[in-house]
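Visitor: For reference, the structure I am asking about is given below.
The values are calculated or read from the model by the stated rules, or taken from the named source; none is laboratory data. Note that the coordinates shown come from a computational prediction; the quantities given were computed from them, not determined experimentally. A quick note on method: Cβ atoms are made from the backbone with ideal geometry, for glycine too, and the neighbour counts reach across all protein chains shown.
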Amino acid sequence: YNHNLQRTEKMQIISDLAASVAHEVRNPLQVTRGFLQLLAGRSDEASKPYFDLAAKELDRAADIITDFLTFAKPEIDGLHLLDMSKELRNIEAMITPLASMHGGVLHVDVQEGLYFLGNSSKLKQALINIVKNSIEAIGADGRIAILGTAEQGDVVVRIADNGVGMDEEQMAKLGIPFFSTKSKGTGLGLMVTFRIIEVMKGTIHFVSAKGKGTEVTIRFPLANNNETLPDEVPV
Ligand code: ADP
Ligand code: MG
């Protein structure tokens with residue numbers, strides 16, 4: 001299923017709202033998390049799990065706000081020459097603990113030297129949203145594979161899982177604000193992901209089968225690593 005990455009009127013309303021609220025909420029969250037950590041250090045062992053839970057929930061709130069903010073202000077400061085193999089290895093380190101917590105196995109296989117123009121932190125946000133969806137889709141014997149290759153002038157990243165999968169109707173709704181089938185879902189993750197990939201001149205493509213799994217393919221135009229680049233290419 002191919003998604004055309006265009007903004008709807010509904011999205012514009014959300015982005016205006018998000019920009020005004022997100023900044024204000026983010027700071028108190030960070031301060032609270034800091035004090036929580038301080039208190040955890042002084043508490044008895046029996047209370048530790050509760051501090052951990054509270055911190056995790058604060059992190060979840062912060063992630064949601066990050067997604068909102070990216071949508072509200074999607075402009076990327078600049079595009080840099082990135083190596084996808086490095087980017088994917090960083091993401092692997094971040095996401096492996098989360099995958100194991102859900103009883104899943106994450107496998108990353110990436111070719112060296114996949115250069116393209118992008119923004120590292122935004123790419124991270126986009127890819128983590130996709131991999132998180134895979135983690136949330138898998139059950140017992142869950143497997144997630146991330147492959148990075150070069151194909152026909154593109155850097156290609158494939159993220160495949162053997163999770164619950166989707167039907168055509170579900171796939172058509174991907175990226176629509178608030179579309180979620182999860183009790184704790186926000187339905188913002190893919191909306192933001194699509195936007196980030198669009199700004200980086202990439203494409204995203206989903207193949208899925210209900211009960212079998214999902215494969216997401218992302219492509220960015222390959223760049224030459226000896227290409228002389230100004231430090232920042234305005235978007
Ligand atoms: P959220 O994760 O908060 O629900 P997303 O925008 O990230 O919001 O995803 C929207 C919906 O797309 C999910 O609720 C789920 O139904 C579906 N989805 C996305 N990725 C997958 C996947 N890998 N496997 C199964 N369903 C998926
Ligand atoms: Mg999600």
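Visitor: Whether any residue in the stretch 133-141 is surrounded by fewer than 18 Cβ atoms within 10 Å (Cβ to Cβ), more than 8 Å from ligand 1 (Cβ to nearest atom) and touching a residue at least 60 places away in the same chain (Cβ under 8 Å) is what I want to check.
Guide: Taking every residue of the stretch 133-141 in turn, none turns out to be surrounded by fewer than 18 Cβ atoms within 10 Å (Cβ to Cβ), more than 8 Å from ligand 1 (Cβ to nearest atom) and touching a residue at least 60 places away in the same chain (Cβ under 8 Å).
Visitor: Please find, within the stretch 171-206, the residue that is surrounded by the most Cβ atoms within 10 Å (Cβ to Cβ) out of those that are out of contact with any Leu (no Cβ under 9 Å at 6 or more places or on another chain) and of a type in the set (D, E, K, R).
Guide: K173
Visitor: Still on this structure, I have one more. Do the conditions hold for E87, that is, is it in a helix (DSSP H, G or I) and touching a strand residue (DSSP E or B) at 6+ places or on another chain (Cβ under 9 Å)?
Guide: Yes, satisfied.
Visitor: Another question, if that's okay. Here are some conditions: (1) modelled with pLDDT of 95 or more; (2) part of a helix (DSSP H, G or I). K48 meets all but one. Which one does it not meet?
Guide: (1)
Visitor: Okay, next question. Kindly provide the set of residues from the stretch 152-191 that are touching a Pro at 6+ places or on another chain (Cβ under 8 Å) and modelled with pLDDT under 95, ordered by number.
Guide: G153, G187, L188, M191
Visitor: Answer with yes or no whether A150 is under 27 Å from K86 (Cβ atoms) and touching a residue at least 12 places away in the same chain (Cβ under 8 Å).
Guide: Judged against the criteria, A150 is a match.
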